[in-house]
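A short worksheet on the structure shown next.
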Amino acid sequence: MHPLKFNCYGPFPDALLSVTSQLLPNEQLQSAQYLKAGLSNANYWLKTNKQEYLLKFYQANFPKEQLHIQQHFASLQLCPNVIATDSDANLALFDFMPGESPDTLEIEPLVILVSQIHQYTCAGPQLNFSEYFEKYQTLNSYTEFSTLIPDLLNSITEFTATVGCCHNDLLINNIIVNSNENKKTWYLIDFEYAANNDIFFDLAALCCDFKLEEKTEADLLLFYLNYNSLKISWVEAKAKLHCFKLIYCLLCYFWYASRQLQ
């Protein structure tokens with residue numbers, strides 16, 4: 001969804017000028033570019049006479065709690081700062097985070113980054129997978145998995161619980177690597193799904209989105225377990241990760257199917 005049509009260097013529509021004048025009253029907009037990445041929201045890369053920003057228009061409900069979570073992690077330099085928000089207009093303004101999405105997985109820096117997120121406890125309840133799956137029961141494709149889903153939901157209750165603050169949308173495009181003077185710094189963006197959840201859901205997302213082979217997946221899991229000193233057996237950890245990978249893939253599949261996307 002691209003609600004504002006304009007040339008990169010103007011003239012800018014009144015709607016964009018109104019937003020930027022309210023959020024950045026002491027700055028002058030010089031350029032604005034629509035970013036095609038992202039299917040849920042409309043994102044714009046803004047340049048003013050002082051710095052660069054990301055302007056995000058939310059298509060769904062305004063993620064108030066998630067923006068508070070992101071601001072906490074921004075204070076730890078793990079993600080971009082939240083500069084301003086407007087719940088009535090369903091938008092937020094962030095520092096623009098330069099860098100690129102990673103081509104390949106580097107286990108150590110990414111696990112250390114994600115672990116810092118997981119060690120935080122969010123306000124609010126734990127994510128409920130049953131409620132998420134219920135949203136998709138009207139899809140024609142849901143019936144194909146109607147037996148598997150209850151089995152998966154039952155299985156995860158039998159594993160050792162490892163709950164923390166999860167990003168819950170760890171796509172490659174939501175990971176930014178900034179290379180500066182031969183030093184790489186890893187960041188996360190787009191916290192609108194952040195909530196308390198079992199950390200294996202985030203690990204499953206990394207395994208699936210990076211399409212990890214079995215050995216690399218095992219290396220990732222082992223490094224995470226050791227780095228965080230998790231008290232869970234290797235056999236249980238592998239079985240739990242497999243279960244959460246299935247849950248993650250199904251939720252992604254239904255998310256795309258519900259929007260009639262490939």
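The values are calculated or read from the model by the stated rules, or taken from the named source; none is laboratory data. It should be emphasised that the depicted structure is a prediction, and the values quoted were computed from it without experimental measurement. Note: ideal-geometry Cβ built from the backbone for every residue, glycine included; neighbour counts use all protein chains shown. Ligands, DNA and RNA are stripped out before the accessible areas are found, and what is left, the full protein with its side chains, is counted by its heavy atoms. Shrake-Rupley method; radii C 1.70, N 1.55, O 1.52, S 1.80 Å.
Net charge dipole, region 71-144: roughly 220 debye, given to the nearest 20, about the Cα centre with Cβ charges of +1 for Lys and Arg and -1 for Asp and Glu.
Think of region 1-121 as having a plus end and a minus end, set by charges on the Cβ of Lys, Arg, Asp and Glu; of Asn43, Leu54, Phe12, Phe12 sits farthest toward the positive end of this dipole. Normalised by the number of residues in the chain, the average gap of Cα pairs under 8 Å and 6 or more apart makes the relative contact order 16 percent. The relative contact order of region 125-226 comes to 29 percent, based on Cα pairs under 8 Å that sit 6 or more residues apart. Accessible surface computed residue by residue for the chain, with neighbouring protein chains in place and a 1.4 Å probe, gives 54 Å² per residue.
Computed about its Cα centre, the charge dipole of the chain is approximately 320 debye, with only Lys, Arg, Asp and Glu carrying charge at their Cβ. Structural descriptor for region 41-175: relative contact order 20 percent, calculated from alpha carbon pairs under 8 angstrom and at least 6 residues apart. Each of Ile112, Ala92, Ser146 was scored by the projection of its Cα onto the charge dipole of region 92-154, and the greatest displacement toward the positive side belongs to Ser146; charges sit on the C-beta of Lys, Arg, Asp and Glu.
Value of Rg to Rh for region 104-237, rounded to two decimals, is 0.98; Kirkwood radius and Rg both from alpha-carbon coordinates. Counting Cα-Cα pairs of region 133-196 in 10 Å increments starting at 0 gives whole-percent bin shares of 16, 26, 34, 15, 8, 1. For the set Val163, Val111, Val235, Val19, solvent exposure ranked by accessible area (probe 1.4 Å, protein chains only) runs largest to smallest as Val235, Val163, Val19, Val111.
Determine the equivalent ellipsoid of region 41-117 by diagonalising the alpha-carbon gyration tensor, then write out the semi-axes as square roots of 5 times the eigenvalues, largest first, rounded to whole Å. Show your work: numbers first, answer last.
Values: eigenvalues 112, 52, 31 Å².
Ellipsoid half-lengths, sorted descending, are 24, 16, 12 Å.
When only alpha carbons are used to place a centre, region 168-216 and region 37-107 end up 16 Å from one another.
In this view, the solvent-accessible surface of Asp95, computed with a 1.4 Å probe and all protein chains in place, comes to about 40 Å².
Nearest 20 debye, what's the magnitude of the dipole of region 108-262 about its Cα centre given +1 on Lys and Arg Cβ and -1 on Asp and Glu Cβ? Write down the numbers at each step before the final one.
On the way: 10 positive and 18 negative charges, 31 e Å.
Taking the Cα centre of region 108-262 as origin, the dipole is about 140 debye.
Our helix-only sum for the chain, with -39,500 (n - 2.57) per DSSP H run of n ≥ 4 divided by its residues, gives a mean residue ellipticity at 222 nm of -12000 deg cm²/dmol.
At each listed q (0.08, 0.12, 0.13, 0.15 Å⁻¹), what is the log10 of I(q)/I(0) that the Debye formula gives for the chain modelled as equal alpha-carbon point scatterers? Reported log10 I(q)/I(0), two decimals: -0.36, -0.79, -0.92, -1.17.
Using a Gaussian network model of the chain in which every pair of alpha carbons under 10 angstrom is joined by a spring, one finds that among Leu148, Leu110, Leu246 the greatest mean-square fluctuation is at Leu148.
Could you list, in their original order, any pairs among Lys211/Lys238; Lys183/Lys215; Lys64/Lys211; Lys211/Lys240; Lys64/Lys183 whose Cα atoms are separated by more than 25 Å? Don't skip to the answer; put the middle values down first.
Details: Lys211/Lys238 16 Å; Lys183/Lys215 27 Å; Lys64/Lys211 32 Å; Lys211/Lys240 18 Å; Lys64/Lys183 34 Å.
Lys183/Lys215; Lys64/Lys211; Lys64/Lys183, as the Cα separations exceed 25 Å there.
Estimated at the nearest 10 Å², the accessible area of Trp45 is 60 Å² with a 1.4 Å probe.
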